[in-house]
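Remarks on the structure that follows.
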There are 2 protein chains.
Amino acid sequence: MSKPRVAILGLGIMGGGMATRLLSAGFPLSVYNRSRERAAKFADAGAFVAASPREAAARSEIVIGMVADDNASRSMWQGVEGALAGAQPGSLLLESSTLSVGWVRELAAAAGQKQCEFLDAPVTGTKPHAAAGELFFMVGGSAAGFARARDVLSVLGREVLHLGPNGSGALIKLINNFVCGVQAASFAEAIALVNGSGLDREKCVAVLASSALASPLIKRMLASLASDDFTPNFPLKLMTKDIGYAINEAAKCGLPLQTAAPALEVFKHAVEQGLGDQDFSAVVKSVRKN
Amino acid sequence: MSKPRVAILGLGIMGGGMATRLLSAGFPLSVYNRSRERAAKFADAGAFVAASPREAAARSEIVIGMVADDNASRSMWQGVEGALAGAQPGSLLLESSTLSVGWVRELAAAAGQKQCEFLDAPVTGTKPHAAAGELFFMVGGSAAGFARARDVLSVLGREVLHLGPNGSGALIKLINNFVCGVQAASFAEAIALVNGSGLDREKCVAVLASSALASPLIKRMLASLASDDFTPNFPLKLMTKDIGYAINEAAKCGLPLQTAAPALEVFKHAVEQGLGDQDFSAVVKSVRKN
């Protein structure tokens with residue numbers, strides 16, 4: 001059976017890794033990126049570089065978006081040159097970006113009007129996982145759509161889980177990321193307190209690294225601190241956005257996220273200090289005692 | 001060389017495990033507990049059951065306190081029947097309770113007036129770690145005191161780390177526990193949002209358990225949830241106390257802990273609901289949507 005034609009819309013840290021992975025696996029691939037320079041290296045590797053999301057979608061049976069936020073996603077799917085305008089009836093459209101549940105459901109409805117299937121399929125994992133095909137997909141949508149997506153997503157991820165109807169994938173992703181954000185913010189405050197109180201940082205880090213709080217996320221932060229390397233695997237500004245989206249979704253469910261609100265403040269403060277394009281772990285550099 | 005005579009003051013979840021461990025290792029042991037019934041089984045195992053902290057201290061070269069909070073610690077060390085009144089000059093006094101830095105330093109000064117060495121030596125680890133000698137000791141005090149304590153603490157812990165002068169151990173312990181508390185509170189909110197939004201809990205738990213946020217602490221919470229077993233390894237009311245102490249210490253350092261404040265509210269709410277004597281992981285039962 002020949003492989004389906006796939007489009008990747010958005011060639012950032014994550015989308016770029018996914019495109020490379022699909023090319024290696026032999027999928028006929030169209031790519032689109034807002035700034036065209038970034039697409040060039042994918043042309044060298046055999047991808048068709050589309051001039052618009054519409055063109056990429058028109059050439060593909062499976063279309064996967066991977067961009068920063070609701071705004072970027074809206075402008076990619078909607079409008080005259082948008083992917084929805086180009087999508088062929090019967091195509092499978094996916095969003096792997098981390099988006100609000102409201103926009104994901106709106107997009108699902110728009111896809112339905114085009115006789116297309118839509119899945120929200122965000123991922124956990126960062127840059128190295130995307131390149132290695134080790135993402136974890138959380139999929140919301142119909143069982144039929146999930147079945148159709150499975151082969152492609154299995155190339156990109158070590159795990160592909162069907163959560164429920166459209167919006168389910170988006171929501172669990174936001175829940176996951178707000179907990180990550182709160183962990184990161186509280187750990188940044190902990191490091192600031194270690195520094196500000198004159199404790200021996202190296203020994204304190206040894207304590208915290210061997211404690212029950214040491215999640216993979218916190219270990220990644222400790223590695224960034226130790227090497228003073230904050231090259232983005234997951235940019236700080238996106239963590240900031242995700243915490244904000246999670247707060248909005250929870251409010252709609254009648255559950256104010258008490259722990260997320262101050263974490264959002266900590267991250268916003270880091271963005272104000274110009275750390276938005278660094279790795280989220282750079283939040284440790286933004287907290288200082290008075 | 002004969003083993004030093006040791007006293008354990010406080011035979012709760014942690015102190016009881018430590019006493020058992022020292023008896024197994026052949027240390028001559030005196031024990032004291034406020035409610036005397038709990039001490040009986042240690043008498044059967046060969047410990048001398050003292051009628052007061054004073055009596056336990058008077059019989060011992062090394063005295064280790066392990067109680068719930070500053071108040072319990074004060075009433076154990078101070079007063080006519082307190083351990084300080086019984087301590088022999090040259091004895092080594094330790095507090096393994098999680099206490100405020102202020103009280104620990106006060107106690108260190110009082111010990112000095114008695115010609116005793118004092119160490120703050122709190123631990124990470126819970127009930128099973130105490131019983132198995134796998135605690136992690138964070139020690140504040142003089143290098144000489146640390147050297148004297150090392151043999152005994154090595155029986156109780158897999159790791160014994162000298163952090164710096166008196167108060168250093170107490171402070172890093174509070175920093176560690178406030179981060180744990182924030183993690184637990186945010187995870188409780190996450191589970192509440194999963195439940196409140198109608199997501200499939202089992203699948204969502206699978207996502208979160210395999211995510212970068214899954215610290216040993218969160219895995220323990222997931223295990224409690226899965227088995228619906230909240231038998232205390234680390235009681236919820238003590239986590240509540242620790243977050244409060246950490247907020248106070250940080251404020252003294254000029255660093256308001258933004259992420260700790262709402263976590264404290266979440267835990268206080270759980271205590272108000274009668275969950276204080278259950279495991280800290282019972283905080284997941286206290287968060288509900290409106």
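Structure notes:
- Each principal axis of the Cα cloud of the range A:171-285 was evaluated for its coordinate range; sorted largest first, these ranges are 44, 28, 23 Å.
- Lys, Arg +1 and Asp, Glu -1 on Cβ, resulting dipole of chain A about Cα centre, debye, nearest 20: 220
- Positive-end ranking of A:MET14, A:ALA282, A:GLN78 along the dipole of the protein assembly as shown, with charges on Cβ about the Cα centre, is headed by A:MET14.
- Helix A:143-156 and the longest principal axis of the Cα set of chain A meet at an angle near 60°.
- Relative to the longest principal axis of the Cα atoms of chain A, helix A:216-227 runs at roughly 70 degrees.
- Taking every Cα-Cα distance in the protein assembly as shown and sorting them into 10 Å bins starting at zero, the pair-distance distribution P(r) comes out as 4, 17, 24, 20, 14, 10, 6, 3, 1 percent.
- Given +1 at the Cβ of Lys and Arg, -1 at the Cβ of Asp and Glu and no other charges, the dipole of the range A:171-285 around its Cα centre is 240 debye to the nearest 20.
- Around the Cα centre of the protein assembly as shown, unit charges on the Cβ atoms of Lys, Arg, Asp and Glu (plus for the first two, minus for the last two) sum to a dipole of about 300 debye.
- Rg(Cα) / (2.2 N^0.38 Å) computed for the range A:6-166, rounded to two decimals: 0.91
- Against chain B, whose longest principal axis comes from its Cα atoms, helix B:260-272 is set at around 90 degrees.
- DSSP bridge orientation in the range A:6-166 - percent antiparallel, rounded to nearest 5: 10
- The protein assembly as shown: calculated mean residue ellipticity at 222 nm from DSSP helix runs of at least 4, using -39500 (n - 2.57): -15500 deg cm²/dmol
- Compactness relative to 2.2 N^0.38 Å, alpha carbon Rg of chain A: 1.04
- Whole-number accessible area per residue in Å² for the range B:14-90, which is evaluated in the context of all protein chains at 1.4 Å: 44
- Within the accessible area of the range A:6-166, the carbon and sulfur atoms contribute 50%, probe 1.4 Å, all protein chains present.
- Beta bridge orientation in the protein assembly as shown: antiparallel %, DSSP, nearest 5: 15
- Bridge type composition, chain B - antiparallel percent by DSSP, nearest 5: 15
- Listed residues A:PRO53, A:GLY90, A:GLN183: farthest to the positive end of the dipole of chain A (Cβ charges): A:GLY90
- Kirkwood-Stokes translational diffusion coefficient of the range B:97-255, alpha-carbon pairs, 37 °C, 0.692 mPa s, µm²/s: 188
- Considering only A:PHE146, A:SER227, A:LEU208, the residue lying farthest towards the positive end of the dipole of the range A:120-258 is A:PHE146, judged by Cα position with unit charges set on Cβ.
The values are calculated or read from the model by the stated rules, or taken from the named source; none is laboratory data. Quantities reported herein were computed from a predicted structural model and do not represent experimental measurements. Positions of Cβ are backbone-derived with ideal geometry, glycine not excepted, and every protein chain shown enters the neighbour counts. Only protein heavy atoms, including side chains, enter the accessible area calculation; ligands, DNA and RNA are left aside. Shrake-Rupley method; radii C 1.70, N 1.55, O 1.52, S 1.80 Å.
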